[in-house]
1. List, largest first, the extents of the alpha carbons of the range 354-464 along their principal axes, each in whole Å.
2. Based on the Cα atoms of the range 239-285, what semi-axes does the equivalent ellipsoid have, where each is the square root of 5 times one gyration tensor eigenvalue, given in whole Å with the largest first?
3. Quantify, in whole percent, the carbon and sulfur part of the accessible surface of the range 166-276 (1.4 Å probe; protein heavy atoms only).
4. Using per-residue counts of other Cβ atoms within 10 Å, averaged over each peptide, order 360-366, 282-288 from highest down.
5. Taking just the alpha-carbon atoms of the range 37-170, what radius of gyration and Dmax come out, in angstrom?
6. Of all chymotrypsin sites (Phe, Trp or Tyr not before Pro) in the range 274-352, which ones are in loop regions per DSSP and have a Cβ with at most 11 other Cβ atoms within 10 Å?
7. Would the chain count as rounded, prolate or oblate if I go by the C-alpha gyration tensor, calling it rounded below 1.5 in a/c and otherwise prolate when a/b exceeds b/c, oblate otherwise?
8. Treat every Asp and Glu Cβ in the range 230-283 as -1 and every Lys and Arg Cβ as +1, leave all other atoms uncharged, and give the resulting dipole magnitude about the Cα centre to the nearest 20 debye.
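The values are calculated or read from the model by the stated rules, or taken from the named source; none is laboratory data. Note that the structure is a prediction, hence the values are computed from the model and not measured. Note that we place each Cβ from the backbone using ideal geometry, even for glycine, and neighbour counts take in every protein chain shown. Each accessible area value is taken on the protein alone, full model and side chains, heavy atoms only, with ligands, DNA and RNA left out. Shrake-Rupley method; radii C 1.70, N 1.55, O 1.52, S 1.80 Å.
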Amino acid sequence: MVVGDIATGTEVLVIGGGPGGYVAAIRAGQLGLDVTLVEKDAYGGTCLNTGCIPSKALVHATDVAHEARGAEHMGVYADPAVDLQGMVDWKDGVVDQLTSGVEKLCKANGVNLVPGRAEFVSDDTVRVAHGGEGQGSESIEFEHAIVATGSRPIQLPGFEFDDDRILDSSGLLSLTELPDSLLVVGGGYIGMELSTVLAKLGCEVTVVEMLDDILPGYEDDVTRVVRERAEELGIQFHFGEAAQQWEDTGTDAFVTTEDEDGETHEYTAEKVLVAVGRQPVTDTVGLDAIGLETAEDGTIETDDQARSSVENVFAVGDVAGEPMLAHKAYKEGHVAAEVIAGEPAALDYQAVPAAVFTDPEIGTVGMTEADAADAGFDPVVGEMPLRASGRALTLDESDGFVRIIADAETEFVLGAQIVAPEASELIAEVGLAIEMGAQLEDIAATIHTHPTLSEAVAEAAANARGEATHTLNR
Ligand code: FAD
Ligand code: NAD
(Lines give C-alpha, C1' and ligand atoms only; values in the text may rest on other atoms or scores of the structure.)
(Ligands and ions follow the chains in the order given, each with its own letter.)
Protein backbone atom coordinates (compact mmCIF):
# COMPACT_ATOMS: atom_id res chain seq x y z
CA MET A 1 0.00 0.00 0.00
CA VAL A 2 1.18 3.54 -0.78
CA VAL A 3 1.60 5.79 2.27
CA GLY A 4 -1.51 7.94 2.59
CA ASP A 5 -3.74 5.41 0.84
CA ILE A 6 -7.05 4.47 2.35
CA ALA A 7 -7.36 0.67 2.12
CA THR A 8 -10.73 -0.96 1.64
CA GLY A 9 -11.77 -4.47 0.76
CA THR A 10 -14.42 -6.04 -1.45
CA GLU A 11 -15.51 -9.52 -2.48
CA VAL A 12 -15.86 -8.60 -6.15
CA LEU A 13 -13.98 -5.78 -7.80
CA VAL A 14 -15.16 -4.76 -11.27
CA ILE A 15 -12.83 -2.59 -13.37
CA GLY A 16 -14.76 -0.63 -16.00
CA GLY A 17 -18.38 0.51 -15.99
CA GLY A 18 -19.41 -0.32 -19.58
CA PRO A 19 -21.98 -2.97 -20.54
CA GLY A 20 -19.71 -5.81 -19.40
CA GLY A 21 -18.72 -4.21 -16.10
CA TYR A 22 -21.95 -2.59 -14.95
CA VAL A 23 -24.01 -5.70 -15.70
CA ALA A 24 -21.46 -7.86 -13.84
CA ALA A 25 -21.61 -5.46 -10.89
CA ILE A 26 -25.43 -5.30 -10.79
CA ARG A 27 -25.76 -9.09 -11.09
CA ALA A 28 -23.14 -9.60 -8.35
CA GLY A 29 -25.10 -7.17 -6.14
CA GLN A 30 -28.34 -9.04 -6.84
CA LEU A 31 -26.64 -12.27 -5.79
CA GLY A 32 -25.73 -10.77 -2.43
CA LEU A 33 -22.03 -10.29 -3.11
CA ASP A 34 -20.15 -7.29 -1.79
CA VAL A 35 -19.19 -5.54 -5.04
CA THR A 36 -17.19 -2.47 -5.99
CA LEU A 37 -17.18 -0.94 -9.47
CA VAL A 38 -14.32 1.33 -10.50
CA GLU A 39 -14.89 3.57 -13.53
CA LYS A 40 -12.41 6.16 -14.74
CA ASP A 41 -14.66 8.16 -17.06
CA ALA A 42 -18.42 7.74 -17.42
CA TYR A 43 -20.84 4.98 -16.42
CA GLY A 44 -22.11 3.07 -19.43
CA GLY A 45 -18.70 2.93 -21.13
CA THR A 46 -18.27 3.19 -24.88
CA CYS A 47 -21.74 1.80 -25.57
CA LEU A 48 -23.76 4.46 -23.79
CA ASN A 49 -21.43 7.43 -24.12
CA THR A 50 -19.76 7.24 -27.52
CA GLY A 51 -20.96 4.04 -29.22
CA CYS A 52 -24.23 2.17 -29.63
CA ILE A 53 -26.60 4.73 -28.14
CA PRO A 54 -25.32 8.02 -29.60
CA SER A 55 -24.81 6.43 -33.01
CA LYS A 56 -28.30 4.95 -33.07
CA ALA A 57 -29.79 8.24 -31.87
CA LEU A 58 -28.24 9.98 -34.87
CA VAL A 59 -29.24 7.13 -37.21
CA HIS A 60 -32.84 7.68 -36.13
CA ALA A 61 -32.80 11.48 -36.18
CA THR A 62 -31.36 11.57 -39.70
CA ASP A 63 -33.91 8.96 -40.82
CA VAL A 64 -36.74 11.22 -39.65
CA ALA A 65 -35.50 14.03 -41.89
CA HIS A 66 -34.52 11.76 -44.76
CA GLU A 67 -37.85 9.93 -44.89
CA ALA A 68 -39.82 13.16 -44.83
CA ARG A 69 -37.66 14.54 -47.64
CA GLY A 70 -38.14 11.49 -49.88
CA ALA A 71 -41.89 10.98 -49.59
CA GLU A 72 -43.25 12.94 -52.54
CA HIS A 73 -44.26 9.73 -54.34
CA MET A 74 -46.49 9.03 -51.33
CA GLY A 75 -48.06 12.45 -51.63
CA VAL A 76 -46.06 13.95 -48.77
CA TYR A 77 -44.16 17.15 -49.54
CA ALA A 78 -41.64 18.28 -46.94
CA ASP A 79 -38.16 19.69 -46.81
CA PRO A 80 -37.10 19.59 -43.17
CA ALA A 81 -34.27 21.85 -42.10
CA VAL A 82 -31.65 20.05 -40.03
CA ASP A 83 -29.86 21.73 -37.17
CA LEU A 84 -26.96 19.42 -36.39
CA GLN A 85 -26.35 21.14 -33.05
CA GLY A 86 -29.99 20.42 -32.14
CA MET A 87 -29.61 16.78 -33.14
CA VAL A 88 -26.43 16.42 -31.09
CA ASP A 89 -28.10 18.08 -28.08
CA TRP A 90 -30.99 15.62 -28.30
CA LYS A 91 -28.58 12.69 -28.65
CA ASP A 92 -26.61 13.95 -25.62
CA GLY A 93 -29.86 14.10 -23.63
CA VAL A 94 -30.58 10.46 -24.44
CA VAL A 95 -27.05 9.54 -23.36
CA ASP A 96 -27.34 11.48 -20.08
CA GLN A 97 -30.65 9.82 -19.25
CA LEU A 98 -29.19 6.35 -19.76
CA THR A 99 -25.86 6.91 -18.03
CA SER A 100 -27.53 8.35 -14.94
CA GLY A 101 -29.89 5.36 -15.06
CA VAL A 102 -26.92 3.00 -14.91
CA GLU A 103 -25.51 4.82 -11.90
CA LYS A 104 -28.89 4.62 -10.13
CA LEU A 105 -29.32 0.94 -10.96
CA CYS A 106 -25.86 0.15 -9.61
CA LYS A 107 -26.58 1.97 -6.35
CA ALA A 108 -30.02 0.37 -6.03
CA ASN A 109 -28.37 -3.04 -6.30
CA GLY A 110 -25.85 -2.26 -3.58
CA VAL A 111 -22.87 -1.67 -5.86
CA ASN A 112 -20.19 0.48 -4.28
CA LEU A 113 -19.16 3.00 -6.96
CA VAL A 114 -15.59 4.28 -6.97
CA PRO A 115 -14.56 6.87 -9.57
CA GLY A 116 -10.97 6.52 -10.74
CA ARG A 117 -8.50 4.50 -12.75
CA ALA A 118 -7.72 1.04 -11.36
CA GLU A 119 -4.46 -0.79 -11.81
CA PHE A 120 -3.49 -4.16 -10.35
CA VAL A 121 -0.59 -4.06 -7.92
CA SER A 122 -0.87 -7.70 -6.88
CA ASP A 123 -3.24 -10.64 -7.29
CA ASP A 124 -5.48 -9.33 -4.52
CA THR A 125 -5.08 -5.55 -4.65
CA VAL A 126 -5.68 -2.69 -7.07
CA ARG A 127 -4.67 0.89 -6.72
CA VAL A 128 -7.26 3.41 -7.80
CA ALA A 129 -6.02 6.85 -8.86
CA HIS A 130 -8.87 9.29 -8.46
CA GLY A 131 -7.44 11.77 -10.95
CA GLY A 132 -7.31 15.51 -10.69
CA GLU A 133 -5.17 17.51 -8.33
CA GLY A 134 -5.43 16.54 -4.68
CA GLN A 135 -7.84 13.73 -5.47
CA GLY A 136 -5.44 11.09 -4.13
CA SER A 137 -5.70 7.37 -4.52
CA GLU A 138 -6.85 4.33 -2.62
CA SER A 139 -6.02 0.66 -2.53
CA ILE A 140 -8.79 -1.90 -2.73
CA GLU A 141 -8.27 -5.51 -1.78
CA PHE A 142 -10.43 -8.04 -3.57
CA GLU A 143 -11.26 -11.71 -3.57
CA HIS A 144 -12.33 -11.77 -7.22
CA ALA A 145 -11.74 -9.22 -9.98
CA ILE A 146 -13.61 -8.75 -13.23
CA VAL A 147 -11.68 -6.88 -15.92
CA ALA A 148 -14.12 -4.99 -18.16
CA THR A 149 -11.94 -2.22 -19.52
CA GLY A 150 -13.36 -2.35 -23.05
CA SER A 151 -11.70 -1.26 -26.25
CA ARG A 152 -10.41 1.81 -28.07
CA PRO A 153 -10.23 2.62 -31.79
CA ILE A 154 -7.22 1.28 -33.66
CA GLN A 155 -4.97 4.14 -34.67
CA LEU A 156 -3.76 3.89 -38.29
CA PRO A 157 -0.09 4.85 -38.49
CA GLY A 158 0.13 8.39 -39.87
CA PHE A 159 -3.54 9.10 -39.12
CA GLU A 160 -3.40 10.18 -35.48
CA PHE A 161 -6.83 11.32 -34.26
CA ASP A 162 -6.72 15.09 -33.79
CA ASP A 163 -10.41 15.89 -33.20
CA ASP A 164 -10.16 18.26 -36.15
CA ARG A 165 -9.46 16.67 -39.54
CA ILE A 166 -8.85 13.07 -38.53
CA LEU A 167 -11.70 11.76 -36.42
CA ASP A 168 -12.58 8.55 -34.67
CA SER A 169 -16.24 7.61 -34.21
CA SER A 170 -16.50 9.70 -31.01
CA GLY A 171 -15.24 12.77 -32.84
CA LEU A 172 -17.66 12.23 -35.69
CA LEU A 173 -20.61 11.76 -33.34
CA SER A 174 -19.82 15.08 -31.69
CA LEU A 175 -19.67 17.23 -34.85
CA THR A 176 -22.03 20.16 -34.58
CA GLU A 177 -21.44 21.42 -38.11
CA LEU A 178 -21.94 19.25 -41.15
CA PRO A 179 -18.76 18.93 -43.22
CA ASP A 180 -19.15 19.33 -46.99
CA SER A 181 -17.22 16.13 -47.56
CA LEU A 182 -16.12 13.11 -45.54
CA LEU A 183 -13.62 10.39 -46.39
CA VAL A 184 -14.27 7.22 -44.43
CA VAL A 185 -11.37 4.80 -44.03
CA GLY A 186 -12.84 1.36 -43.37
CA GLY A 187 -16.20 0.03 -44.60
CA GLY A 188 -16.98 -2.00 -41.48
CA TYR A 189 -19.69 -1.49 -38.86
CA ILE A 190 -18.77 2.05 -37.90
CA GLY A 191 -17.82 3.16 -41.41
CA MET A 192 -21.13 1.97 -42.86
CA GLU A 193 -23.43 3.20 -40.09
CA LEU A 194 -21.88 6.64 -39.85
CA SER A 195 -21.41 7.19 -43.60
CA THR A 196 -25.13 6.48 -43.98
CA VAL A 197 -25.91 9.14 -41.36
CA LEU A 198 -23.67 11.76 -42.96
CA ALA A 199 -24.84 11.00 -46.50
CA LYS A 200 -28.47 11.38 -45.44
CA LEU A 201 -27.62 14.77 -43.96
CA GLY A 202 -26.27 15.88 -47.33
CA CYS A 203 -22.53 15.41 -46.87
CA GLU A 204 -20.51 14.02 -49.80
CA VAL A 205 -19.20 10.69 -48.51
CA THR A 206 -16.45 8.48 -49.95
CA VAL A 207 -15.52 5.15 -48.38
CA VAL A 208 -12.09 3.60 -48.90
CA GLU A 209 -12.00 -0.07 -47.89
CA MET A 210 -8.94 -2.30 -47.98
CA LEU A 211 -10.91 -5.45 -48.84
CA ASP A 212 -13.16 -6.00 -51.86
CA ASP A 213 -16.50 -5.38 -50.15
CA ILE A 214 -18.08 -3.62 -47.19
CA LEU A 215 -18.78 -5.37 -43.86
CA PRO A 216 -16.32 -8.25 -43.89
CA GLY A 217 -17.80 -11.50 -42.63
CA TYR A 218 -21.30 -10.90 -44.04
CA GLU A 219 -22.48 -12.82 -47.10
CA ASP A 220 -22.39 -11.19 -50.54
CA ASP A 221 -26.15 -10.99 -51.02
CA VAL A 222 -26.48 -9.36 -47.60
CA THR A 223 -23.87 -6.67 -48.24
CA ARG A 224 -25.10 -6.10 -51.81
CA VAL A 225 -28.46 -4.75 -50.65
CA VAL A 226 -26.83 -2.36 -48.19
CA ARG A 227 -24.07 -1.27 -50.59
CA GLU A 228 -26.52 -0.56 -53.40
CA ARG A 229 -28.76 1.49 -51.12
CA ALA A 230 -25.69 3.39 -49.87
CA GLU A 231 -24.73 4.11 -53.47
CA GLU A 232 -28.24 5.45 -54.08
CA LEU A 233 -27.61 7.82 -51.17
CA GLY A 234 -24.56 9.06 -53.06
CA ILE A 235 -21.87 7.24 -51.10
CA GLN A 236 -18.90 6.35 -53.31
CA PHE A 237 -16.91 3.20 -52.63
CA HIS A 238 -13.30 2.43 -53.48
CA PHE A 239 -12.33 -1.15 -52.67
CA GLY A 240 -8.92 -2.79 -52.44
CA GLU A 241 -7.22 0.39 -51.23
CA ALA A 242 -5.48 1.03 -47.93
CA ALA A 243 -5.02 4.53 -46.57
CA GLN A 244 -1.33 5.53 -46.58
CA GLN A 245 -0.85 9.15 -45.51
CA TRP A 246 -2.45 12.56 -45.40
CA GLU A 247 -1.64 16.25 -45.46
CA ASP A 248 -3.60 19.23 -44.24
CA THR A 249 -4.23 21.69 -47.10
CA GLY A 250 -5.58 24.28 -44.69
CA THR A 251 -9.16 23.66 -45.75
CA ASP A 252 -9.16 19.89 -46.29
CA ALA A 253 -7.31 16.65 -45.75
CA PHE A 254 -5.44 15.41 -48.82
CA VAL A 255 -5.29 11.62 -48.44
CA THR A 256 -3.39 9.07 -50.48
CA THR A 257 -4.22 5.38 -50.60
CA GLU A 258 -2.50 2.44 -52.23
CA ASP A 259 -4.17 -0.45 -54.04
CA GLU A 260 -3.01 -4.07 -54.35
CA ASP A 261 -0.99 -3.23 -57.47
CA GLY A 262 0.93 -0.55 -55.63
CA GLU A 263 -0.88 2.27 -57.45
CA THR A 264 -1.69 5.36 -55.43
CA HIS A 265 -5.03 7.17 -55.38
CA GLU A 266 -5.79 10.62 -54.05
CA TYR A 267 -8.77 12.02 -52.17
CA THR A 268 -9.62 15.40 -50.73
CA ALA A 269 -12.18 15.76 -47.95
CA GLU A 270 -12.97 18.23 -45.21
CA LYS A 271 -12.97 15.50 -42.57
CA VAL A 272 -11.64 11.95 -42.40
CA LEU A 273 -13.25 9.24 -40.26
CA VAL A 274 -10.84 6.41 -39.50
CA ALA A 275 -12.78 3.28 -38.51
CA VAL A 276 -10.47 0.34 -39.04
CA GLY A 277 -11.44 -1.70 -35.99
CA ARG A 278 -11.02 -1.54 -32.23
CA GLN A 279 -8.42 -3.01 -29.88
CA PRO A 280 -8.83 -4.19 -26.29
CA VAL A 281 -7.72 -1.92 -23.46
CA THR A 282 -5.44 -4.31 -21.60
CA ASP A 283 -2.19 -2.34 -21.54
CA THR A 284 -3.12 0.12 -18.79
CA VAL A 285 -4.53 -2.18 -16.10
CA GLY A 286 -1.30 -3.59 -14.67
CA LEU A 287 -1.92 -7.16 -15.84
CA ASP A 288 1.80 -7.89 -15.34
CA ALA A 289 1.29 -7.50 -11.59
CA ILE A 290 -1.03 -10.51 -11.56
CA GLY A 291 1.00 -12.53 -14.06
CA LEU A 292 -1.72 -12.37 -16.72
CA GLU A 293 -0.41 -12.47 -20.28
CA THR A 294 -2.64 -11.29 -23.10
CA ALA A 295 -2.98 -12.99 -26.48
CA GLU A 296 -1.10 -11.50 -29.45
CA ASP A 297 -4.07 -9.24 -30.32
CA GLY A 298 -4.13 -7.88 -26.75
CA THR A 299 -7.27 -9.73 -25.65
CA ILE A 300 -7.55 -11.66 -22.40
CA GLU A 301 -8.24 -15.33 -23.08
CA THR A 302 -11.05 -16.77 -20.99
CA ASP A 303 -12.82 -20.09 -20.54
CA ASP A 304 -16.56 -20.71 -20.86
CA GLN A 305 -17.06 -19.19 -17.41
CA ALA A 306 -15.33 -15.92 -18.38
CA ARG A 307 -12.38 -16.86 -16.14
CA SER A 308 -8.87 -15.86 -17.22
CA SER A 309 -5.74 -17.96 -16.66
CA VAL A 310 -5.53 -16.33 -13.20
CA GLU A 311 -8.01 -18.21 -11.00
CA ASN A 312 -9.67 -15.22 -9.29
CA VAL A 313 -9.62 -12.88 -12.29
CA PHE A 314 -12.39 -12.80 -14.91
CA ALA A 315 -12.55 -10.81 -18.16
CA VAL A 316 -15.74 -9.74 -19.92
CA GLY A 317 -16.75 -7.68 -22.94
CA ASP A 318 -14.43 -6.24 -25.56
CA VAL A 319 -11.28 -7.13 -23.56
CA ALA A 320 -12.26 -10.79 -23.92
CA GLY A 321 -12.29 -10.50 -27.73
CA GLU A 322 -14.65 -10.73 -30.68
CA PRO A 323 -17.43 -10.17 -31.28
CA MET A 324 -17.03 -6.72 -29.72
CA LEU A 325 -20.73 -6.20 -29.11
CA ALA A 326 -22.55 -4.79 -26.11
CA HIS A 327 -24.95 -7.72 -25.70
CA LYS A 328 -22.03 -10.16 -25.73
CA ALA A 329 -20.48 -8.05 -22.97
CA TYR A 330 -23.76 -8.15 -20.98
CA LYS A 331 -23.89 -11.92 -21.17
CA GLU A 332 -20.29 -12.38 -20.12
CA GLY A 333 -20.82 -9.95 -17.23
CA HIS A 334 -23.82 -11.96 -16.05
CA VAL A 335 -21.97 -15.24 -16.26
CA ALA A 336 -18.84 -13.96 -14.48
CA ALA A 337 -20.93 -12.65 -11.56
CA GLU A 338 -22.92 -15.88 -11.31
CA VAL A 339 -19.82 -18.07 -11.43
CA ILE A 340 -18.26 -15.99 -8.63
CA ALA A 341 -21.46 -16.45 -6.62
CA GLY A 342 -21.08 -20.22 -7.04
CA GLU A 343 -23.84 -20.70 -9.59
CA PRO A 344 -23.42 -23.22 -12.44
CA ALA A 345 -23.38 -20.56 -15.18
CA ALA A 346 -21.55 -20.94 -18.48
CA LEU A 347 -21.23 -19.11 -21.78
CA ASP A 348 -22.71 -20.45 -24.98
CA TYR A 349 -22.04 -18.45 -28.12
CA GLN A 350 -24.22 -20.37 -30.58
CA ALA A 351 -26.90 -17.70 -30.72
CA VAL A 352 -25.15 -14.33 -30.41
CA PRO A 353 -27.03 -11.96 -32.72
CA ALA A 354 -25.40 -9.13 -34.62
CA ALA A 355 -27.03 -6.11 -36.17
CA VAL A 356 -25.77 -3.38 -38.44
CA PHE A 357 -27.86 -0.22 -38.33
CA THR A 358 -27.49 0.68 -41.96
CA ASP A 359 -30.32 1.33 -44.44
CA PRO A 360 -31.77 -1.26 -44.55
CA GLU A 361 -30.58 -2.91 -41.35
CA ILE A 362 -28.82 -6.25 -41.19
CA GLY A 363 -29.58 -8.79 -38.48
CA THR A 364 -27.89 -12.15 -38.20
CA VAL A 365 -27.75 -14.95 -35.68
CA GLY A 366 -26.29 -18.44 -35.60
CA MET A 367 -25.03 -20.14 -38.73
CA THR A 368 -25.02 -19.23 -42.40
CA GLU A 369 -25.72 -22.00 -44.91
CA ALA A 370 -21.95 -22.40 -45.43
CA ASP A 371 -21.29 -22.52 -41.66
CA ALA A 372 -23.95 -25.22 -41.28
CA ALA A 373 -22.44 -27.33 -44.08
CA ASP A 374 -18.95 -26.89 -42.56
CA ALA A 375 -20.30 -28.02 -39.20
CA GLY A 376 -21.53 -31.26 -40.78
CA PHE A 377 -25.23 -30.42 -41.13
CA ASP A 378 -27.23 -30.92 -44.30
CA PRO A 379 -28.65 -27.40 -44.36
CA VAL A 380 -32.09 -26.54 -45.67
CA VAL A 381 -32.72 -22.89 -46.49
CA GLY A 382 -35.94 -20.89 -46.54
CA GLU A 383 -36.25 -17.36 -47.86
CA MET A 384 -38.86 -14.65 -48.01
CA PRO A 385 -38.07 -11.64 -50.21
CA LEU A 386 -39.31 -8.39 -48.72
CA ARG A 387 -40.98 -7.40 -52.00
CA ALA A 388 -43.55 -10.11 -51.18
CA SER A 389 -44.23 -8.68 -47.72
CA GLY A 390 -47.30 -6.48 -47.48
CA ARG A 391 -45.88 -4.62 -44.50
CA ALA A 392 -42.58 -3.93 -46.27
CA LEU A 393 -44.48 -2.40 -49.20
CA THR A 394 -46.61 -0.25 -46.89
CA LEU A 395 -43.37 0.98 -45.32
CA ASP A 396 -42.00 1.69 -48.81
CA GLU A 397 -39.03 -0.52 -47.89
CA SER A 398 -39.06 -3.63 -50.04
CA ASP A 399 -35.32 -4.26 -50.59
CA GLY A 400 -34.01 -7.24 -48.66
CA PHE A 401 -34.99 -10.66 -47.45
CA VAL A 402 -35.32 -13.01 -44.52
CA ARG A 403 -33.35 -16.24 -44.75
CA ILE A 404 -33.55 -19.09 -42.27
CA ILE A 405 -31.16 -22.02 -42.10
CA ALA A 406 -32.13 -25.32 -40.50
CA ASP A 407 -30.89 -28.88 -40.40
CA ALA A 408 -32.75 -30.77 -43.16
CA GLU A 409 -33.21 -33.95 -41.18
CA THR A 410 -34.30 -32.63 -37.79
CA GLU A 411 -35.53 -29.20 -38.91
CA PHE A 412 -33.79 -27.62 -35.92
CA VAL A 413 -33.25 -23.92 -36.61
CA LEU A 414 -29.55 -23.12 -36.96
CA GLY A 415 -29.40 -19.50 -38.06
CA ALA A 416 -30.79 -16.57 -39.99
CA GLN A 417 -29.70 -13.60 -42.06
CA ILE A 418 -32.14 -10.73 -42.36
CA VAL A 419 -31.76 -7.58 -44.45
CA ALA A 420 -34.79 -5.42 -43.76
CA PRO A 421 -36.06 -2.43 -41.85
CA GLU A 422 -35.97 -3.40 -38.16
CA ALA A 423 -33.81 -6.46 -38.93
CA SER A 424 -32.14 -5.76 -35.57
CA GLU A 425 -35.52 -6.47 -33.90
CA LEU A 426 -36.68 -9.29 -36.20
CA ILE A 427 -33.57 -11.35 -35.55
CA ALA A 428 -34.58 -11.83 -31.89
CA GLU A 429 -37.26 -14.36 -32.84
CA VAL A 430 -34.73 -16.60 -34.54
CA GLY A 431 -32.27 -16.17 -31.66
CA LEU A 432 -34.96 -17.43 -29.29
CA ALA A 433 -35.72 -20.33 -31.64
CA ILE A 434 -32.08 -21.42 -31.65
CA GLU A 435 -31.80 -20.94 -27.89
CA MET A 436 -34.91 -23.07 -27.27
CA GLY A 437 -34.01 -25.77 -29.78
CA ALA A 438 -37.05 -24.90 -31.88
CA GLN A 439 -37.78 -26.45 -35.27
CA LEU A 440 -38.91 -24.74 -38.47
CA GLU A 441 -42.50 -25.73 -37.77
CA ASP A 442 -42.46 -23.91 -34.42
CA ILE A 443 -41.81 -20.62 -36.20
CA ALA A 444 -43.97 -21.37 -39.24
CA ALA A 445 -46.97 -22.49 -37.17
CA THR A 446 -46.83 -19.53 -34.77
CA ILE A 447 -49.50 -16.99 -35.66
CA HIS A 448 -47.71 -13.74 -36.46
CA THR A 449 -49.53 -10.39 -36.43
CA HIS A 450 -50.61 -9.07 -39.82
CA PRO A 451 -49.40 -6.93 -41.42
CA THR A 452 -45.94 -7.01 -39.87
CA LEU A 453 -42.40 -7.64 -41.01
CA SER A 454 -42.28 -10.55 -38.57
CA GLU A 455 -44.58 -12.46 -40.91
CA ALA A 456 -41.60 -12.67 -43.27
CA VAL A 457 -39.73 -14.68 -40.62
CA ALA A 458 -42.59 -17.18 -40.43
CA GLU A 459 -42.84 -17.30 -44.24
CA ALA A 460 -39.09 -17.99 -44.54
CA ALA A 461 -39.47 -20.88 -42.08
CA ALA A 462 -42.46 -22.19 -44.05
CA ASN A 463 -40.52 -21.76 -47.29
CA ALA A 464 -37.76 -24.01 -45.94
CA ARG A 465 -40.46 -26.69 -45.52
CA GLY A 466 -41.94 -26.06 -48.98
CA GLU A 467 -45.10 -24.67 -47.37
CA ALA A 468 -44.87 -20.91 -47.86
CA THR A 469 -48.11 -19.32 -48.99
CA HIS A 470 -46.99 -15.74 -49.70
CA THR A 471 -43.91 -16.53 -51.75
CA LEU A 472 -43.08 -19.26 -54.24
CA ASN A 473 -41.56 -22.35 -52.68
CA ARG A 474 -38.07 -23.32 -53.80
P1 FAD B 1 -16.68 -0.40 -22.78
O2 FAD B 1 -18.07 -0.06 -23.11
O3 FAD B 1 -15.60 0.14 -23.66
O4 FAD B 1 -16.44 0.06 -21.29
C5 FAD B 1 -15.20 -0.03 -20.68
C6 FAD B 1 -15.13 0.96 -19.53
O7 FAD B 1 -13.96 0.71 -18.78
C8 FAD B 1 -15.04 2.41 -19.99
O9 FAD B 1 -16.07 3.17 -19.39
C10 FAD B 1 -13.67 2.88 -19.52
O11 FAD B 1 -13.63 4.24 -19.13
C12 FAD B 1 -13.43 1.95 -18.34
N13 FAD B 1 -12.01 1.71 -18.00
C14 FAD B 1 -11.01 1.35 -18.85
N15 FAD B 1 -9.86 1.17 -18.17
C16 FAD B 1 -10.14 1.44 -16.85
C17 FAD B 1 -9.38 1.42 -15.67
N18 FAD B 1 -8.08 1.08 -15.67
N19 FAD B 1 -9.99 1.75 -14.51
C20 FAD B 1 -11.30 2.10 -14.49
N21 FAD B 1 -12.08 2.12 -15.57
C22 FAD B 1 -11.50 1.79 -16.75
N23 FAD B 1 -22.24 -2.78 -29.99
C24 FAD B 1 -23.49 -3.29 -30.15
O25 FAD B 1 -23.78 -4.38 -29.65
N26 FAD B 1 -24.45 -2.62 -30.88
C27 FAD B 1 -24.18 -1.43 -31.45
O28 FAD B 1 -25.07 -0.84 -32.09
C29 FAD B 1 -22.89 -0.86 -31.29
N30 FAD B 1 -22.60 0.32 -31.84
C31 FAD B 1 -21.36 0.87 -31.64
C32 FAD B 1 -21.08 2.09 -32.23
C33 FAD B 1 -19.83 2.66 -32.06
C34 FAD B 1 -19.55 4.01 -32.69
C35 FAD B 1 -18.85 2.00 -31.28
C36 FAD B 1 -17.49 2.63 -31.06
C37 FAD B 1 -19.11 0.77 -30.70
C38 FAD B 1 -20.38 0.19 -30.89
N39 FAD B 1 -20.70 -1.05 -30.34
C40 FAD B 1 -21.93 -1.59 -30.54
C41 FAD B 1 -19.72 -1.82 -29.54
C42 FAD B 1 -19.99 -1.63 -28.03
O43 FAD B 1 -19.93 -0.26 -27.72
C44 FAD B 1 -18.96 -2.41 -27.24
O45 FAD B 1 -18.94 -3.75 -27.64
C46 FAD B 1 -19.29 -2.34 -25.74
O47 FAD B 1 -19.30 -1.02 -25.28
C48 FAD B 1 -18.27 -3.16 -24.96
O49 FAD B 1 -18.55 -3.06 -23.59
P50 FAD B 1 -17.39 -3.23 -22.51
O51 FAD B 1 -18.05 -3.15 -21.19
O52 FAD B 1 -16.57 -4.40 -22.83
O53 FAD B 1 -16.43 -1.98 -22.74
P1 NAD C 1 -14.72 -3.28 -38.33
O2 NAD C 1 -13.79 -4.35 -37.99
O3 NAD C 1 -16.16 -3.53 -38.36
O4 NAD C 1 -14.33 -2.70 -39.78
C5 NAD C 1 -13.05 -2.19 -40.07
C6 NAD C 1 -12.89 -2.12 -41.57
O7 NAD C 1 -11.72 -1.39 -41.88
C8 NAD C 1 -12.73 -3.50 -42.21
O9 NAD C 1 -13.63 -3.61 -43.28
C10 NAD C 1 -11.27 -3.50 -42.66
O11 NAD C 1 -11.06 -4.29 -43.81
C12 NAD C 1 -11.04 -2.03 -42.95
N13 NAD C 1 -9.64 -1.58 -42.90
C14 NAD C 1 -8.68 -1.93 -42.01
N15 NAD C 1 -7.53 -1.26 -42.26
C16 NAD C 1 -7.77 -0.46 -43.33
C17 NAD C 1 -6.98 0.48 -44.07
N18 NAD C 1 -5.70 0.73 -43.74
N19 NAD C 1 -7.54 1.12 -45.11
C20 NAD C 1 -8.83 0.86 -45.47
N21 NAD C 1 -9.62 -0.02 -44.81
C22 NAD C 1 -9.10 -0.65 -43.75
O23 NAD C 1 -14.35 -2.07 -37.34
P24 NAD C 1 -15.09 -0.72 -36.97
O25 NAD C 1 -16.05 -0.33 -38.03
O26 NAD C 1 -14.02 0.23 -36.56
O27 NAD C 1 -15.93 -1.12 -35.70
C28 NAD C 1 -15.24 -1.64 -34.54
C29 NAD C 1 -16.11 -2.60 -33.80
O30 NAD C 1 -17.13 -1.89 -33.10
C31 NAD C 1 -16.89 -3.57 -34.69
O32 NAD C 1 -16.11 -4.67 -35.06
C33 NAD C 1 -18.01 -3.97 -33.79
O34 NAD C 1 -17.54 -4.98 -32.93
C35 NAD C 1 -18.27 -2.71 -33.00
N36 NAD C 1 -19.44 -1.99 -33.56
C37 NAD C 1 -20.65 -2.64 -33.59
C38 NAD C 1 -21.75 -2.00 -34.12
C39 NAD C 1 -23.06 -2.74 -34.13
O40 NAD C 1 -23.17 -3.73 -33.45
N41 NAD C 1 -24.05 -2.28 -34.89
C42 NAD C 1 -21.65 -0.71 -34.62
C43 NAD C 1 -20.42 -0.08 -34.59
C44 NAD C 1 -19.32 -0.73 -34.04
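1. 39, 28, 20
2. Working: eigenvalues 126, 59, 14 Å².
Equivalent-ellipsoid dimensions as semi-axes: 25, 17, 8 Å.
3. Values: 1940 of 4730 Å².
Roughly 41 percent of what the probe reaches on the range 166-276 is carbon or sulfur.
4. Descending packing order for the listed peptides: 360-366, 282-288.
5. Considering the range 37-170 through its Cα atoms, Rg and Dmax are 20.6, 68 Å.
6. On the way: sites: 314, 330, 349; in loops: 349.
Listed in order of number, the matching sites are 349.
7. Numbers: a/c = 1.81, a/b = 1.24, b/c = 1.46.
The shape class here is oblate.
8. Details: 2 positive and 14 negative charges, 75 e Å.
Its charge dipole is roughly 360 debye.
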